[in-house]
1. Are there GluC sites (Glu not before Pro) in segment 27-74 that DSSP marks as loop and that have at most 13 other Cβ atoms within 10 Å, and which are they?
2. Please return the longest range in the chain lying between exposed loop sites, taking chymotrypsin sites (Phe, Trp or Tyr not before Pro), DSSP loop only, at most 15 other beta-carbon atoms within 10 Å, and leaving the sites out.
3. Could you work out the local net charge near ILE163, counting Lys and Arg as +1, Asp and Glu as -1, over the other residues with Cβ closer than 14 Å to its Cβ?
4. Could you tell me which trypsin sites (Lys or Arg not before Pro) in segment 162-236 are loop residues by DSSP with no more than 14 other beta carbons within 10 angstrom of their beta carbon?
5. Charges on Cβ only, +1 for Lys and Arg, -1 for Asp and Glu, centred on the Cα centroid of the chain; of ILE36, ILE139, LEU154, which one is farthest towards the dipole's positive end?
6. What number, rounded to the nearest 500 deg cm²/dmol, is the helix-based mean residue ellipticity at 222 nm of the chain, given -39500 (n - 2.57) per DSSP H run of at least four residues and division by all its residues?
7. Starting from the 7 Å offset along Cα-to-Cβ, what nm value, one decimal, do you get for the label separation of LYS179 and ASN27?
8. By how many degrees, 0 to 90 and rounded to 10, does the Cα axis of helix 10-21 deviate from the longest principal axis of the chain?
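Laboratory data are not the source of any read-out in this text; all were calculated from the coordinates shown. These numbers come from a predicted model, not from an experiment. Reconstructed Cβ throughout: ideal geometry from the backbone, glycine too, with neighbour counts over all protein chains shown.
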Amino acid sequence: MNCIIVDDEAAARAIVSQLCSKAPELNVMEEFDSAIEAIKFLNEYKVDLIFLDIHMPGFTGIDFIQTLKNPPKIVMTTSDTDFAIASYEYEAIVDYLVKPITQERFQKCVQKVKNTAVSKPQTDSSGEQESTSGEDLYINIDRRLIKLKYAEILLIEAKGDYINIKTESKDYLVHTTLKKILEKLPEDRFLQIHRSFVINFNKIIDIEDNSVLIEKSVVPISRSNRPELMRRLNLL
């Protein structure tokens, strides 16, 4: 199993890495001291398992889990014994290791991970996992993760290598593609209606032949996307 280690303490990462090296089932791909860097890695590579610290400065392990759509299996690592019960509210979490971690306990953890059902691929676009992680979208701007409410998002426009997310209060320019952001949004609220635009169709004020009005923005509808928009709005 390919795995990564996410912990802001170098000593803690080293201990988990050493324990992993004694488990032939595990292959440590990378170690990260920052949740943001780990998220970037997960956007590019398939990972089967994450060893994740709960308490990290500025961005907790639970915050990290909530940014992931269809996350891989996760083992939480922490010295906080009070968090064990709460952690199991998240389906992706399969075990909870209390620091300092012993070799015997780690071996039991690995066996437990092997015995769990195979996780869905990270590329699955069904949206089921997204619906269980709340009503928020996390975006990465200048190495900061910003939380947006789905209900606040009006539309998203592609701008070269960036996208512009227009909300009720302000705009956010994010270095990603329209395709990637659409995969993280719930299908029951958002739809691509043009090669350059994704809209929150609950925010539509008016529809004309080739455009929709969202707040003060007129957004074009491509001919190929119009039938799906009409279907979503129960207008066919």
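1. Answer in residue order: GLU44.
2. 89-236
3. +2
4. Values: sites: LYS166, LYS170, LYS179, LYS180, LYS184, ARG189, ARG195, LYS203, LYS216, ARG223, ARG231, ARG232; in loops: LYS170, LYS184, ARG189, ARG195, LYS216, ARG223.
Taking segment 162-236 and a limit of 14 other Cβ atoms within 10 Å, the loop trypsin sites (Lys or Arg not before Pro) found are LYS170, ARG195, LYS216, ARG223.
5. It is LEU154.
6. The helix-only estimate for the chain comes to -7000 deg cm²/dmol at 222 nm.
7. Taking the simple label geometry, LYS179 and ASN27 are separated by 2.5 nm.
8. Orientation of helix 10-21: about 80 degrees from the principal axis.
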